[in-house]
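Worksheet: the structure to be examined is printed underneath.
The values are calculated or read from the model by the stated rules, or taken from the named source; none is laboratory data. Keep in mind that this is a model prediction, so the values were computed, not measured. A quick note on method: Cβ atoms are made from the backbone with ideal geometry, for glycine too, and the neighbour counts reach across all protein chains shown.
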Amino acid sequence: MQEYLDDIYIAYINDVLIYTCSDNEANYEVDVVKVLTKIRDARLYLNFSKCKFKVKRVKYLSFILTIEGIKIDLKKVSIVLN
């Protein structure tokens, strides 16, 4: 899995995020298959009820990742702001 790390996916403990910088949906699907195959080959398992695919916005490690960029989750910093 190391060969794709920080290229098409990132991982932190038990959170895996597969991403693309391309608008080409077919490339994304190929990358998803690559990563899922590596996960299976390593005999690791995913909880598919927690998996989301083809989303434009996702919360990851207390950040909100969107196609516009990285944003802070305001729920996590509301105490500091108030």
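Scanning region 1-43 for residues that are of a type in the set (S, T, N, Q) and farther than 22 Å from Lys59 by Cβ returns Gln2, Ser22, Asn24, Asn27, Thr37.
Pick from region 1-17 the residues that are part of a strand (DSSP E or B) and among the β-branched types (Val, Ile, Thr): which of them is surrounded by the fewest Cβ atoms within 10 Å (Cβ to Cβ)?
Taking region 1-17 first, the residues part of a strand (DSSP E or B) are 5, 9-12, 15-17.
Filter once more, keeping what is among the β-branched types (Val, Ile, Thr): 10, 16.
On the way: Ile10: 15, Val16: 17.
This residue is Ile10.
Check region 18-29 and report whether any residue there is surrounded by 11 or more Cβ atoms within 10 Å (Cβ to Cβ), of a type in the set (D, E, K, R) and not assigned by TED's automatic domain parsing to the domain that holds Ile70. Looking through region 18-29, at least one residue is surrounded by 11 or more Cβ atoms within 10 Å (Cβ to Cβ), of a type in the set (D, E, K, R) and not assigned by TED's automatic domain parsing to the domain that holds Ile70.
Which residues, taken from region 12-41, are among the basic types (Lys, Arg) and touching a helix residue (DSSP H, G or I) at 6+ places or on another chain (Cβ under 8 Å)?
To start, the set of residues in region 12-41 that are among the basic types (Lys, Arg) comprises 34, 38, 40.
Matches in region 12-41: Lys34, Lys38.
Scanning region 30-82 for residues that are in contact (Cβ under 8 Å) with a residue 12 or more places away in the chain, surrounded by 10 or more Cβ atoms within 10 Å (Cβ to Cβ) and outside any helix (DSSP H, G or I) yields a total of 8.
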